[in-house]
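Below you'll find the structure, written out as structure tokens, and then a few comments.
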Amino acid sequence: EYEVPSTGDWGIHRGGTVFITGAEDCAIKESYFDAVGGNAVFISNHNRRIHVAGNKFRLTGDSAVCLCGENNMVAREWNCEFCGTTRPWDFRDVDQYPAECLVTNNHMHHIGVYGKQTAGVFMSITRHNTISHNHIHDMPRAAICINDPFWGGHVIEHNDIHDTVQESDDHGPFNAWGRGHYWCLGINRVHQSHEAGDVKRDARFTTVIRNNRFRDSNNYGIVMDDGAARFHVYNNLCIGIGLQNREGEYRIVENNIFLNASHGIGYDAGHQHNHDQFLRNIVVINADHGVWSGREGNTDYRYANANHEEPYFYRIVYPPLKGKWIDEIDYNVLFNPQEDFPWRFVPRGGQEVPGDAWQDWQ
């Protein structure tokens, strides 16, 4: 059986080759999960300080490691306090969830033989976990996925992630969804423009993404989608990928390097008076038909977006009607050997407006 535990797109099977529930201070170390039929490790409901360290995961049927609290979805209507848009579902409070777990120094590859909406590490309804020093590659979808905004406080650091999103689209090697109590379908569907509201009701703690290497192509990269809130993204090396923020709040992106991204830096359907920041980053693109080739060791890489269109530095889609599109976007270094400054803008209710002249940029 599969269930939808929370607000993200993913359904999961609450089971695994190793299934842990109601446990504290336990560890799975130095094991080899080879071609298990479903999830390899599933940490379900109440767990504290579970360590998954030094393991190898290969050819799992579904995800490698799942941390998932009890289902909090309820069938009742919610009306937006700003515009009144009705959403046909809501949430209940839960007290059974994993916290303070560590997933470190694992090798995860060729995950998702049968299930394609899968990840190396999947988290839902959980808090204060650390995902560090893992090597994750050859995935049908994300390497690391956070399925909802409850409660955050995770640290994702020093991971080496590459060759993901190989059998899907509209995603990235890291992906997070919001869709919390405040999330408005009117904003998401671009029918309304207003402030976000109380995003910290659910996203109580800031999630940190730092010191990772992402190497990929033909996807959005670091994705904070559909109301994802309270992220601090810094000191990451992103080769062949950019970043996408959809409607959400309190996302600080600073001191990262984005090298030859197939997609640039995207902000979609932002909230009015948002607190997003994009500061002190280096963004390098090559506008030569949307293709860049490179070499690492003995391997050649070729990056291109799906339509072979010219890459862009910034893409702003359906910005808020009032206030700044982004609270602060400054002190960045932008370089293109083609000596122009491509950007994209899609106004509400209009067609995409490309621009590449310096005067258009200003």
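The values are calculated or read from the model by the stated rules, or taken from the named source; none is laboratory data. Just so it is clear, the structure is predicted and the values come from calculations on it, not from any experiment. We place every Cβ from the backbone using ideal geometry, glycine too, and count neighbours over all the protein chains shown. The area values use the complete protein model at the heavy-atom level, side chains included, leaving out ligands, DNA and RNA. Shrake-Rupley method; radii C 1.70, N 1.55, O 1.52, S 1.80 Å.
Select from the range 59-79 the residues that are within 25 Å of the chain's Cα centre (by Cα) and in a loop (DSSP other than H, G, I, E, B) and list them in ascending order.
Scanning the range 59-79 gives LEU59, THR60, GLY61, ASP62, SER63, ALA64, GLY69, GLU70, ASN71, ASN72.
Which one of these is within 22 Å of ARG344 (Cβ to Cβ), among the small types (Gly, Ala, Ser), open to solvent by 20 Å² or more (accessible area, probe 1.4 Å) and touching a helix residue (DSSP H, G or I) at 6+ places or on another chain (Cβ under 9 Å): SER193, SER217?
Exactly one residue qualifies, and that residue is SER193.
Exactly one of (1) open to solvent by less than 70 Å² (accessible area, probe 1.4 Å); (2) at pLDDT 95 or above is unmet by HIS275. Its number?
Of the numbered conditions (1) open to solvent by less than 70 Å² (accessible area, probe 1.4 Å); (2) at pLDDT 95 or above, the odd one out for HIS275 is (1).
Scan (1) modelled with pLDDT of 95 or more; (2) under 18 Å from ASN147 (Cα atoms) for the single condition PHE33 breaks and write down its number.
So PHE33 meets the others, but not (2).
Restricting attention to the range 157-190, report how many residues are under 25 Å from VAL113 (Cβ atoms) and buried (at least 24 other Cβ atoms within 10 Å of the Cβ).
10
Could you list, ordered by first residue, the pairs with Cβ atoms under 7 Å in which the first is in the range 7-20 and over 13 Å from GLY112 (Cα atoms) and modelled with pLDDT under 95 and the second is of a type in the set (A, V, I, L, M, F, W, C) and open to solvent by 30 Å² or more (accessible area, probe 1.4 Å), at least 6 apart or interchain?
As it stands, the answer is GLY11/VAL4, since those pairs meet every condition given.
Tally the residues that are open to solvent by 50 Å² or more (accessible area, probe 1.4 Å), under 21 Å from GLN96 (Cβ atoms), part of a loop (DSSP other than H, G, I, E, B) and not acidic (Asp, Glu), restricting the search to the range 1-48.
Qualifying residue count, the range 1-48: 5.
Could you please find all residues in the range 32-46 being touching a Gly at 6+ places or on another chain (Cβ under 9 Å) and of a type in the set (A, V, I, L, M, F, W, C)?
ALA35, VAL36, ALA40, VAL41, PHE42, ILE43
Go through (1) under 15 Å from the mean Cα position of the chain (by Cα); (2) open to solvent by less than 30 Å² (accessible area, probe 1.4 Å) one by one and return the number of the condition ARG246 breaks.
(2)
Run down VAL155, VAL121 and say which single residue is of a type in the set (A, V, I, L, M), within 30 Å of HIS181 (Cα to Cα), modelled with pLDDT of 95 or more and in contact with a Leu (Cβ under 9 Å, 6 or more places away or on another chain). Before the answer, list the steps.
On the way: VAL155 fails: in contact with a Leu (Cβ under 9 Å, 6 or more places away or on another chain).
Checking each option against the conditions leaves just VAL121.
Among the residues of the range 296-312, are any modelled with pLDDT of 75 or more and in a loop (DSSP other than H, G, I, E, B)?
Of all residues in the range 296-312, those modelled with pLDDT of 75 or more come to 311-312.
Then keep just the ones that are in a loop (DSSP other than H, G, I, E, B); that gives 311-312.
Scanning the range 296-312 turns up at least one residue that is modelled with pLDDT of 75 or more and in a loop (DSSP other than H, G, I, E, B).
Which of the residues spanning the range 137-155 are within 15 Å of the chain's Cα centre (by Cα), closer than 21 Å to ASN39 by Cα and part of a strand (DSSP E or B)?
Passing the criteria: ILE144, CYS145, ILE146.
Of all residues in the range 182-211, which are in a helix (DSSP H, G or I) and of a type in the set (S, T, N, Q)? First the steps, then the outcome.
First, the residues of the range 182-211 that are in a helix (DSSP H, G or I): 185-188, 199-201.
Passing the criteria: only ASN188.
Take VAL253 and tell me if it is open to solvent by less than 20 Å² (accessible area, probe 1.4 Å), part of a strand (DSSP E or B) and over 27 Å from VAL4 (Cα atoms).
yes
Among (1) among the acidic types (Asp, Glu); (2) buried (at least 24 other Cβ atoms within 10 Å of the Cβ); (3) over 21 Å from VAL199 (Cα atoms), there is one condition ASP148 misses while meeting the rest; what is its number?
(3)
Quick one: how many residues across the range 323-348 are assigned to a loop (DSSP other than H, G, I, E, B) and either more than 27 Å from the chain's Cα centre (by Cα) or at pLDDT 90 or above (or both)?
Taking the range 323-348 and keeping what is assigned to a loop (DSSP other than H, G, I, E, B), we get 323-327, 331-332, 336-342, 347-348.
This time we only want the ones that are either more than 27 Å from the chain's Cα centre (by Cα) or at pLDDT 90 or above (or both), so: 323-327, 331-332, 337-340.
Here the count works out to 11.
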